[in-house]
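Take a look at the structure set out below.
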């Protein structure tokens, strides 16, 4: 699955009354600008839904924002339930966070944090109107990308990994208790991390079950490869409701004389159905 950072987002899904409630109360080939070499940054992502792998899933989404006179920036969100009974609302939370982000005119990080906080505040209001056993809460992992920088925003049960300079770094919020998740936390402070993107960098957000599926040694070995996703997919393909997004940066071959780098993004790839159909991941 090859994706450029300016890829077109999937069409928005219809919003449920739950999501409409939240929104009504609220207000994706690139050359690295700082490195003296041609580089390519690309996004690979998949979700396992009903035993099949596809680009988007109910608990994961990608959103593109274009502000006047600004670079295009992108946000990828993975949400997972923090309390029993929250599963049916996770997809709508993804859509709400994404729509609030696209409507915001602040900086990239400001838009992401405001979208998370607004979703949290409105969900807390929803929970106050509900019985305790009907409360809804979720962890959220966000990967935001603009130019040569990536930002991670994590809150509640969530996990991210960064592979850089031959080292793997696991990033989780300081407090992953469900009571600190979106919709429940008394004091809501998502953790924000800036990740400089250089050739060889891999930034990954995923469902927290990834920690159970493979240890850090195995994941680091995969991320050190030119094509990490096929091996990661092989070990996660049987997990229900599993999602993963990976940002990668690699050196790019210089265009041949008389050729120019493509500027238009390709059409989104078709969903895939299993390991035999899993494409080789090689930016070109």
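Of note:
- Subset of segment 175-199 (residues that are closer than 30 Å to residue 42 by Cβ and outside any strand (DSSP E or B)): 176, 190, 197, 198, 199
- Cross-chain or 6+ apart pairs with Cβ under 7 Å, segment 71-89 first and on the phi > 0 side of the Ramachandran plot and part of a loop (DSSP other than H, G, I, E, B), then surrounded by fewer than 24 Cβ atoms within 10 Å (Cβ to Cβ) and modelled with pLDDT of 90 or more: none
- Selection from segment 235-252 of residues that are surrounded by 21 or more Cβ atoms within 10 Å (Cβ to Cβ) and more than 16 Å from residue 221 (Cα to Cα): 242, 243, 244, 245, 247, 249
- Residues located in segment 165-174, provided they are under 16 Å from residue 207 (Cα atoms) and in a loop (DSSP other than H, G, I, E, B): 172, 173
The values are calculated or read from the model by the stated rules, or taken from the named source; none is laboratory data. Computed from a predicted structure; not experimentally measured. Cβ coordinates were reconstructed from backbone atoms using ideal geometry, including for glycine residues, and neighbour counts include every protein chain displayed.
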